[in-house]
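Q: So that we are looking at the same thing, I have put the structure below in C-alpha cells.
Each value in this text was obtained by applying a stated rule to the coordinates, not by laboratory testing. In this text the structure is predicted, and so the values were computed from the model without any measurement. Here Cβ is always computed from backbone atoms with ideal geometry, including for glycine, and neighbour counts include all displayed protein chains.
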Amino acid sequence: MDYLRYFKSRQGEMISRLKTLVQLESPTSDKKAVDKCSAAVISELSSLGVKIKKFPQKEIGDLFLVEYPSAEIKTGEKPLLILTHIDTVWPVGTIERMPFYLVEDRLSGPGVLDMKAGVVQAMMALKTINNLGLKLKRKIWLFINSAEETGHEEAHRQIVALAKRAGSALCLEPALPGGALKMARKGRLVIKIEACGRSAHASTPEKGINAIEELITQWLKIKKLKIKGLTANLGLISGGEKANVVPEKAWAVVDLRFWTARDLAQIKSFLRELKPDNRQARIKTSIVSLTPPMEFTPASRELFARAASLASTLGLTLTAGQSGGGSDGSIASTTGIPVLDGLGPDGDGIHALDEHLLLPSFIERTALLTRLLLEL
C-alpha cells in the first residue's frame with residue numbers, strides 16, 4: 001500500500017484535526033484546559049475499539065493510556081509504546097495573537113509543532129490501521145501526558161512502568177530542523193546552591209563573611225568542570241539585604257546539561273565534594289530536578305536501522321541527530337528499552353512566536369509512523 005499517497009489524500013482531515021487541537025489551548029498549568037483538549041482526543045479514539053485507562057490527577061491534567069486493540073494479540077511480542085503529550089507552554093488566549101493558519105506548506109500556531117501534530121499522527125495512524133483492518137504484530141500503547149513541558153513525578157512514574165513492560169518506544173516529539181531524529185538527548189540537572197556567612201557593617205567587611213562572594217566562588221568552580229559537552233547556566237541568584245551590609249545568606253539555581261549517565265555520576269560526585277572557600281562559611285547543594293540523558297545505545301541503533309530501512313520503502317531518508325533538551329523519551333530510555341525520538345514533523349520555532357511545521361513532513365511522518373506500528 002502507498003501510505004504516502006493515502007495520507008496525502010487525507011491531508012484536509014489531518015489539518016482539520018490539528019486545527020481543533022491547537023485551538024483547544026492547553027497550557028500545562030491549566031488543568032481544566034488540558035483536560036478539555038485530552039477529552040477531544042479520547043473521544044475520537046474511543047470509536048476504534050480501544051481500551052482506555054485514565055489516571056486522574058489533582059494538580060495536573062489527567063493522564064491517559066490508550067491500548068489498541070482492546071483484545072490481546074497472541075504473538076508473544078511486547079507492546080510498542082507511543083509517547084505523546086497534550087500540554088503546551090502557551091497560556092490560554094495566545095491563539096488570539098498567534099492564530100492557527102496555513103500558508104503554502106507551512107502550518108503555524110501555538111503548540112502546532114510541540115507536539116499536537118504528533119498527537120494527530122498517532123490518531124490518524126491508529127484510525128487507518130483500524131479502518132483498513134491491517135494486522136499488527138504487537139499491541140500498541142499510546143500514552144498521553146498532560147505535563148511534559150514542566151515534568152511531573154506521577155507522569156514519569158507511569159512512563160517508566162509502561163516502558164519496563166514494552167518492547168520499544170516511539171516518541172512523537174518534533175524532528176530536529178531538517179528532519180533528523182533525536183537519537184540522543186542531553187540530561188538536565190537543576191541544582192540549588194545555598195551559601196551562609198556572617199553579616200557585618202560594610203565599613204568593616206573583615207568582621208563578616210560575605211555569602212554572595214562565597215556563592216560566586218562555588219559557581220566559578222562549577223563552570224570549570226571539565227566534562228565534554230557540559231553546559232552550565234546560572235539562571236537565578238539572590239542574596240543580601242542592603243548595600244551597606246555584608247550579606248549573610250545567598251542562593252542560586254544552576255542548570256547543568258550533559259550527555260551520559262557517566263557524566264551525571266561525575267557531576268554528582270563533584271557537587272558532594274564542594275567545600276567552602278572561606279572555612280567559616282557554609283554551603284549546601286540540593287537537587288531541584290533531574291531529567292536523565294537519552295543515550296544512543298546499541299539497542300536504539302538497531303531500532304533506528306530498522307526504522308531507516310522501512311522509511312526507505314516510502315522513499316524517505318532518516319538521519320540520526322541529537323538534542324540538548326530532554327523529553328518523555330529520555331524517561332523511557334532509563335529502563336534500557338530502545339527509543340526512537342523526534343518522529344514528529346519537521347519544523348521550527350518551538351516555544352517561540354514563529355512555531356510552525358512543514359506540511360509535507362507532517363504527511364510523511366504519519367505514513368512512516370503507520371509503517372513502524374505495523375512492522376516493528
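Q: Taking the beta-carbon count within 10 Å as an exposure proxy, list Asp277, Asp328 from fewest neighbours to most.
A: Lowest to highest Cβ neighbour count: Asp277, Asp328.
Q: For each of Lys223, Lys127, Lys116, count neighbouring Cβ atoms within 10 Å of the residue's Cβ, then give the residues from fewest to most.
A: Lys223, Lys127, Lys116
Q: If you rank Tyr3, Tyr68 by fewest surrounding Cβ atoms within 10 Å, what's the result?
A: Fewest to most other Cβ atoms nearby, the residues stand as Tyr3, Tyr68.
Q: If each DSSP helix of 4+ residues adds -39,500 (n - 2.57) and the sum is divided by the residues in the chain, what number results at 222 nm, nearest 500 deg cm²/dmol?
A: Mean residue ellipticity, 222 nm, calculated: -10500 deg cm²/dmol.
Q: What relative contact order, as a whole-number percentage, does the chain give when Cα pairs under 8 Å and 6 or more residues apart are counted?
A: Normalised by residue count, the contact order of the chain is 24 percent.
Q: Next up: Taking the Cα centre of the range 89-170 as origin, sum charge times position over the Cβ atoms of Lys and Arg (+1) and Asp and Glu (-1), and report the length of that vector in debye to the nearest 20.
A: 700
Q: Could you give each residue of the range 239-247 its phi-based ³J(HN,Hα) in whole Hz, using Karplus coefficients 6.51, -1.76, 1.60 with θ = phi - 60°, and x for Gly or Pro?
A: Using θ = phi - 60°, the values come out as x, x, 10, 9, 5, 9, 10, 5, x Hz.
Q: Give the average over all directions of the projected area of the C-alpha convex hull of the range 187-290, one decimal, in nm².
A: Answer in nm², one decimal: 6.3.
Q: Same structure again: Quick check on my link table: of Lys135/Lys164; Lys207/Lys268; Lys54/Lys137, which ones sit more than 32 Å apart, alpha carbon to alpha carbon?
A: As for pairs spanning more than 32 Å Cα to Cα, those are Lys207/Lys268.
Q: 5 Å is the cut-off here: which amide hydrogens, built 1.01 Å from N in the peptide plane, fall below it relative to Ile209, excluding neighbours closer than 5 in sequence?
A: Placed amide hydrogens put Arg198, Ser199 under 5 Å from Ile209.
Q: Additional query: When DSSP beta bridges are limited to those with both residues in the chain, what percentage is antiparallel, rounded to the nearest 5?
A: The answer is about 75 percent antiparallel.
Q: Output ³J(HN,Hα) for the range 221-236: one whole-Hz value per residue in order, computed from phi by the Karplus curve 6.51 cos²θ - 1.76 cosθ + 1.60 with θ = phi - 60°, and x for Gly and Pro.
A: 5, 5, 4, 8, 4, 9, 10, 4, x, 6, 10, 9, 10, 7, x, 9
Q: Rg over Rh of the chain, using C-alpha atoms and the Kirkwood radius, what does it come to?
A: 1.06
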